[in-house]
Amino acid sequence: MDPKEIVIWVSLALGVIGLLGHLKGWINAGEKTLADKVKDAGARVKAAEDRLESHATRILSIEGELRHLPDRDGFHRLEMRMTELTGQLNTMTERLKPVEAIGERLQELLLERAK
C-alpha cells in the first residue's frame, strides 16, 4: 500500500468517525430534551396532585356545611308548616277585624265627647 491509499482510507475513517460523532450528538440532544420534558411532566403532575388535594379539602368542607341544611323531605315539611302558619294568620286577621272596628268606634266616641 502506498501512502496515497493510506490517506484515502484514513480520511474515509475520519469522515465516518465525524459522522458518527454528529449522529451521537443529535441522538443525545433528543435524550436531553426528553429528560427535560420528563422533569416538566413531573412538575405538572405534582401541581395537579396539589390542586386535587386542595379540591378534595374544599369538597369535604362544603359537604360538612351541607349536612346542616334540610334535605328534600325536611324542606317540604318546612314549606307545609309555613303554609299552615299563613292560613292561621289569615284566620286571625279575619277574627281581629271586629276588634279593629270596635277600636275605631271607641276612638270616634272619645273624640266626640272631647268636643
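The values are calculated or read from the model by the stated rules, or taken from the named source; none is laboratory data. What you see is a predicted model; the values in this text were computed from it and never measured. A quick note on method: Cβ atoms are made from the backbone with ideal geometry, for glycine too, and the neighbour counts reach across all protein chains shown. Surface accessibility is based on the protein's heavy atoms, side chains included, excluding ligands, DNA and RNA. Shrake-Rupley method; radii C 1.70, N 1.55, O 1.52, S 1.80 Å.
Kindly indicate whether any position in the stretch 38-51 is at pLDDT below 80 and assigned to a helix (DSSP H, G or I). Within the stretch 38-51, one or more residues are at pLDDT below 80 and assigned to a helix (DSSP H, G or I).
A quick yes/no check of all residues on (1) touching a Leu at 6+ places or on another chain (Cβ under 6 Å); (2) free of Cβ contacts under 8 Å to residues at least 24 places away in the same chain; (3) open to solvent by 70 Å² or more (accessible area, probe 1.4 Å); (4) among the aliphatic types (A, V, I, L, M):
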{"site": "Ala56", "(1), (2), (3), (4)": "no, yes, no, yes"}
{"site": "Arg72", "(1), (2), (3), (4)": "no, yes, yes, no"}
{"site": "Glu79", "(1), (2), (3), (4)": "no, yes, yes, no"}
{"site": "Leu106", "(1), (2), (3), (4)": "no, yes, yes, yes"}
